[in-house]
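The values are calculated or read from the model by the stated rules, or taken from the named source; none is laboratory data. These numbers come from a predicted model, not from an experiment. Here the Cβ positions follow ideal geometry from the backbone for every residue, glycine too, while neighbour counts run over all protein chains shown.
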Protein chains: 2
Amino acid sequence: MLSKSQSSFIRSLHQKKYRQQHSAFLVEGAKSVQEVLLSDFHTELVVATEGFYKENVQLTDRQRTPVEIASVAELERVGTLESNNAALAVVRTKENRPLVAQAGEIALILDDIRDPGNLGTILRIADWYGVRKILCSDTTADVYNPKVISASKGSFTRVSWWYGDLTSFLETTVLPAQVSVYGAFLDGADVHTLPFGSGGYLVMGNESNGIRAEVGRFVTNRVTIPRYGDAESLNVGIATAVLLDNWRRSQPLHK
Amino acid sequence: MLSKSQSSFIRSLHQKKYRQQHSAFLVEGAKSVQEVLLSDFHTELVVATEGFYKENVQLTDRQRTPVEIASVAELERVGTLESNNAALAVVRTKENRPLVAQAGEIALILDDIRDPGNLGTILRIADWYGVRKILCSDTTADVYNPKVISASKGSFTRVSWWYGDLTSFLETTVLPAQVSVYGAFLDGADVHTLPFGSGGYLVMGNESNGIRAEVGRFVTNRVTIPRYGDAESLNVGIATAVLLDNWRRSQPLHK
C-alpha cells in the first residue's frame with residue numbers, strides 16, 4: 001500500500017517539470033520494469049503487485065531495490081498506463097553527457113522530433129540496428145516522458161542520449177572531424193543506390209517541417225527513400241528504420 | 001448547426017456495429033476530407049466550419065455533396081479527434097470485393113493486426129510503396145475505424161482492402177496459382193541478400209503472436225529483417241516498411 005506522499009510523488013513524475021526537479025522518471029509494465037532492473041539505471045523504488053514481486057524477487061534483490069506492494073487499481077491510479085497488472089519503477093535520470101560517433105560508428109541526430117510515440121519508436125529502431133547514441137535538439141520530446149519509455153519497449157536501457165544545441169555541436173565537434181552527416185530530405189540521393197560510408201551521423205527532422213535550415217547546412221549527404229506510390233510522406237519513425245536498414249545493408253562486413 | 005438526429009447519427013459511427021448497420025464511416029480533418037472528396041468514395045455529408053467550406057467549395061460542389069456548417073466545438077463534440085478546426089465527412093463504405101495480386105504485383109496479407117494505429121500506418125506505407133491491395137483476416141482491426149482512417153493520412157483513398165477467411169483464400173486462390181507468398185518470421189532468410197521474385201504476397205502477422213500456423217503453412221518464403229543490436233522485435237508497421245523497401249529495392253526495373 002502506497003502512502004499519500006509516495007502516490008503524489010509518483011504522480012508528479014507524469015510531468016517534465018517534476019521529473020527534472022526530482023531527477024527521476026517512471027518505468028511501467030512488467031517487461032520494462034524487468035529490463036530497467038537489469039540495466040545500469042539506478043532504480044529508487046519498485047511498486048509491484050504481489051504476483052509480480054514474487055516472480056521477480058531476484059531482480060529487486062540484486063541491487064536491494066526498495067519495493068512497495070500495491071493493487072492493480074493503485075498501480076493504474078498513480079501511473080500513466082490504462083492497464084498495468086504488474087509493476088512500475090521510479091528510476092533516477094542520467095546525467096546529460098556529450099556523445100560523439102566514433103570512427104565507423106553510426107549515431108542519430110534528432111532535430112525537433114515532437115511526438116513522444118515517435119521518439120520511443122526511434123529508440124527501439126536504433127536498438128534493433130545497433131545504434132547506441134542519439135543526439136537530440138532541446139526541442140525534441142523529453143525521453144523520460146512515460147510515453148517515450150513505454151513505446152521504446154525496453155530499448156531505453158540500451159541506448160544513450162544527449163540533449164543540447166545541435167548547431168553548436170555540429171559546428172564545433174562534427175564539422176572539424178570531417179565526418180559524414182546524412183540527412184533525410186525529399187530531394188536527396190536515392191538510398192537504394194547511394195554508397196553509404198562506414199560511419200557518421202543520420203539527421204531526422206521534425207514531423208511537419210523536416211530538418212531546420214541551421215542544422216541542414218551541416219548535412220554532407222542529402223538522402224531520400226524512393227517512392228513507388230502516392231503517399232505524400234512516411235512517418236519519421238518508419239523513415240528512420242528504412243534509412244538505417246539501407247545503411248546497414250550497404251555494409252555487410254559490419255554485421 | 002447540426003440537428004440532434006444528425007449529431008447522434010455521426011456519433012454512432014464511432015462504433016463498428018453502427019458503421020456496419022449504416023454502411024457509413026467518418027473521415028476527419030482538413031487533409032483527409034479534401035482527399036476523400038477527390039476520391040472514388042461516395043461522401044454523403046460534409047460537416048465543415050465556415051472557413052473550410054469557403055475554401056473548399058469547389059470540392060463539395062463537384063459531386064453536389066450536402067454540407068452542414070458547424071462550429072469547431074460541434075465538430076469536436078460529434079467527431080473523434082481531440083482538435084478539428086476544419087471538417088468531417090460521412091462516407092459510404094465500399095463493398096467487400098475479393099482482391100488478387102496480378103502477375104508482377106505485390107499485395108499485402110494482414111493476419112490479425114489488432115491495433116488501429118498500426119493498420120492505418122500500414123495503409124500509408126502500402127501507398128508509399130505502390131501496393132494497392134490489402135487482404136485482411138476477419139480478426140484484423142476494422143479499416144473504417146476513425147483511428148485507422150486518421151493514421152492512414154489520406155492513403156485509405158488509394159488502397160483497396162478485402163476482409164475474409166485467409167486460409168480459404170490461400171487454399172483456393174493462391175496455392176493453385178503457384179504465386180510466391182513471403183512471410184515475416186524471426187528465423188527466415190535475410191532480406192538483405194534474398195532475391196525477391198517480381199510479385200506475390202507479403203504476409204504480416206499479429207503484434208504479439210506473429211503469423212498463425214494455419215496461415216503460415218502457405219508461406220513459400222520465410223523472411224527476416226537482420227538485427228544488428230538488441231531490441232527483441234520491430235513494430236509491425238516498421239517491419240512492413242522495411243520488407244517492402246527491400247522487395248522494391250531488389251527490382252530496380254519496377255521503379
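So here's what we get for this one:
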| item | result |
| --- | --- |
| Lone qualifier among A:105, A:95, A:82 - being within 14 Å of chain B (Cβ to nearest Cβ) and loosely packed, with under 14 Cβ neighbours inside 10 Å | A:82 |
| When residues of the range A:111-149 are limited to those that are among the small types (Gly, Ala, Ser) and surrounded by fewer than 23 Cβ atoms within 10 Å (Cβ to Cβ), the one nearest to the other protein chains (Cβ to nearest Cβ) | A:130 |
| Hits in the range B:199-211 - residues which are buried (at least 17 other Cβ atoms within 10 Å of the Cβ) and of a type outside the set (Val, Ile, Thr) | B:199, B:200, B:201, B:202, B:204, B:205, B:206, B:210 |
| Qualifying residue in the range A:106-116 (condition: farther than 30 Å from residue A:181 by Cβ and acidic (Asp, Glu)) | no |
| Sole exception among (1) touching an Asp or Glu at 6+ places or on another chain (Cβ under 9 Å); (2) without any contact (Cβ under 8 Å) to a residue 40 or more places away in the chain for residue A:238, by number | (1) |
| Residue that is surrounded by the most Cβ atoms within 10 Å (Cβ to Cβ) [pool: residues in the range B:4-30 that are within 30 Å of residue B:138 (Cβ to Cβ) and of a type in the set (Lys, Arg)] | B:19 |
| Hits in the range B:1-23 (condition: assigned to a loop (DSSP other than H, G, I, E, B) and free of Cβ contacts under 8 Å to residues at least 60 places away in the same chain) | B:3, B:15 |
| Residue identified as at pLDDT 95 or above and more than 9 Å from every other protein chain (Cβ to nearest Cβ) among A:198, A:168, A:208 | A:168 |
| Residue in the range B:225-235 that is more than 9 Å from chain A (Cβ to nearest Cβ) and at negative phi present | no |
| Selected residue [in contact with a strand residue (DSSP E or B) (Cβ under 6 Å, 6 or more places away or on another chain) and among the acidic types (Asp, Glu)] from A:95, A:105, A:44, A:35 | A:44 |
| Flag for residue B:225 being at pLDDT 95 or above, among the β-branched types (Val, Ile, Thr) and under 21 Å from the mean Cα position of the chain (by Cα) | no |
| Tally, over the range B:51-71, of residues that are over 17 Å from residue B:1 (Cα atoms) and without any contact (Cβ under 8 Å) to a residue 24 or more places away in the chain | 6 |
| Residue check, residue B:250 at pLDDT below 95, within 12 Å of another protein chain (Cβ to nearest Cβ) and within 21 Å of residue B:121 (Cα to Cα) | no |
